[in-house]
Amino acid sequence: MFKPKYSITNKLLANIKRINQLVNELNLHHFPHVVLVELQRNAEEISTYASTSIEGNPLPLTDVKKILKTRPQNIRESEQEVLNYNEILKEINVKLNQKMIFFTVDFILFIQKKVTHKLLPPFHSGQFRRDAVFVNDPRSQKTIYWPPDHKDVLKLVEDLVGFVKSNKNIIDPLILAGIFHKQMVIIHPFMDGNGRTTRLATKILLAEMGLNTFNLFSFENYYNKNVTKYFEKIGVRGNYYDIYSTIDFTLWLEYFTDGIIDELLRVEKNLPQQAISPKTQLQPYLLKILEFIKQKGFITDHDYSKLVKRARATRHLDFKKLIGLGLIVMKGKSKASYYTFK
């Protein structure tokens, strides 16, 4: 049975108190839906860039945003990695909103399968590793950690998930999420995709426990600011079987909660700017489109022409803006086309 070793330090207590305060403050904001949509999109872009960058993906944020917008067909591995992460991140956010996610071993496998899509052979994608692995120091290229044998991986992950579930209403959710994050890295259950899978699963765990601001920010961003420090805090050295009973999670939990505070403060700072951004501000004529759809379920260009005195080409641009903001989608073709909520 998994029994992590950690201490409730004054710093950890202060961090938890600060996070709860920031989450409560953010949840009190009542911004238009279009602002929240833009915030979530921005968070997804940053999360995708940061989490793949941590693992060595060379693409800068500007390229990541371009790829996510255009979704090219013929792509390199680095671009596939970005698309994979963003795709499962968006799917997770939808499922969280619909309360359709259950934190299980199978769902962790599902995440790994998604992040490694077209990057690993089928027998390594969506599967726990079947071979021994080791972790090298990126600077010296010397082996510094030997994870548990592949035969023990399933049992260790099951114990970890069981620990999280049985302590859900006992241990603070931030501590539980932090312990899960580090222990998954220690187990190193996959041939590839361990970090990306772990960070996505941690996000699910936090949101599932009621911290519903987490679709608006990217805790991966904090780690990517200093990747060396992240690996130092999250990693361990030696042979798993020699050190597992002595591993202390305390310093990691302090660092983990530091990162959440840092990112929440960034989001809080940006919220007022997002609220007044010309990109997200909706003019009265655009609001008429949304109100019509709300009442009727859909709107056609002919319907819209009766609501406003705007040229056909201009009306087309209005619909295009709402589509670009992720608020509506077009269905049907040519004269039979219509628009409805996304």
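General observations
- Among the residues making up region 64-123, those that are touching a residue at least 24 places away in the same chain (Cβ under 8 Å) and in a loop (DSSP other than H, G, I, E, B) are ILE101, PHE103, THR104, THR116, HIS117, LYS118, LEU119, LEU120.
Yes or no, residue by residue, for (1) β-branched (Val, Ile, Thr); (2) closer than 21 Å to LEU251 by Cα; (3) over 13 Å from the mean Cα position of the chain (by Cα); (4) modelled with pLDDT under 95:
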residue: VAL157; (1), (2), (3), (4): yes, no, yes, no
residue: LEU176; (1), (2), (3), (4): no, yes, yes, no
residue: GLN183; (1), (2), (3), (4): no, yes, yes, no
residue: THR197; (1), (2), (3), (4): yes, no, no, no
residue: ILE204; (1), (2), (3), (4): yes, no, no, yes
residue: MET209; (1), (2), (3), (4): no, no, yes, yes
residue: ASN215; (1), (2), (3), (4): no, no, no, yes
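- One residue from LEU286, LEU282 being part of a loop (DSSP other than H, G, I, E, B) and either of a type in the set (Ser, Thr, Tyr) or under 31 Å from the mean Cα position of the chain (by Cα) (or both): LEU282
- Residues in region 158-179 that are among the hydrophobic types (A, V, I, L, M, F, W, C) and either closer than 14 Å to TYR244 by Cα or crowded, with 23+ Cβ neighbours inside 10 Å (or both): LEU160, ALA177, ILE179.
Residues checked against (1) in the same structural domain as VAL267 (by TED's automatic domain parsing); (2) within 26 Å of ILE101 (Cβ to Cβ); (3) within 19 Å of the chain's Cα centre (by Cα):
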{"position": "GLN21", "(1), (2), (3)": "yes, no, no"}
{"position": "GLU38", "(1), (2), (3)": "yes, yes, yes"}
{"position": "GLU44", "(1), (2), (3)": "yes, yes, yes"}
{"position": "LYS66", "(1), (2), (3)": "yes, no, yes"}
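- Condition met for LYS335 (at pLDDT 85 or above and surrounded by fewer than 18 Cβ atoms within 10 Å (Cβ to Cβ)): no
- Test: SER140 is at pLDDT below 95, surrounded by fewer than 19 Cβ atoms within 10 Å (Cβ to Cβ), among the hydroxyl-bearing types (Ser, Thr, Tyr) and at negative phi: yes
- In the set (1) acidic (Asp, Glu); (2) modelled with pLDDT of 95 or more; (3) within 23 Å of ILE54 (Cβ to Cβ), the condition left unmet by ASP149 is number (3).
- Members of region 128-180 found to be β-branched (Val, Ile, Thr), closer than 25 Å to LYS203 by Cβ and in contact with a strand residue (DSSP E or B) (Cβ under 8 Å, 6 or more places away or on another chain), listed by number: VAL135
- Tally, over region 130-178, of residues that are of a type outside the set (D, E, K, R) and not in a helix (DSSP H, G or I): 18
- Here region 102-119 is the region considered, the condition is being within 16 Å of THR198 (Cβ to Cβ) and among the aliphatic types (A, V, I, L, M), and the residue that is surrounded by the fewest Cβ atoms within 10 Å (Cβ to Cβ) is VAL105.
- Just one of the numbered conditions (1) under 29 Å from GLU220 (Cα atoms); (2) modelled with pLDDT of 90 or more is not true of ARG310: (1).
- In region 294-325, the residues that are exposed (fewer than 14 other Cβ atoms within 10 Å of the Cβ), within 26 Å of LEU68 (Cα to Cα) and under 31 Å from the mean Cα position of the chain (by Cα): LYS320, GLY324
- Exactly one residue out of ARG76, ARG71, ARG41 is farther than 25 Å from LEU290 by Cα, at pLDDT below 90 and of a type in the set (Lys, Arg), and it is ARG71.
- The C-beta contact set for region 223-245 (first residue at positive phi and assigned by TED's automatic domain parsing to the domain that holds MET184, second residue surrounded by 16 or more Cβ atoms within 10 Å (Cβ to Cβ) and at pLDDT 95 or above, distance under 8 angstrom, 6+ apart or interchain) comprises GLY238/TYR145; GLY238/TRP146.
The values are calculated or read from the model by the stated rules, or taken from the named source; none is laboratory data. If you're wondering where the values come from, they're calculated on a predicted model, not measured in any experiment. As a convention, Cβ positions derive from the backbone with ideal geometry for all residues, glycine included, and neighbour counts pool all protein chains shown.
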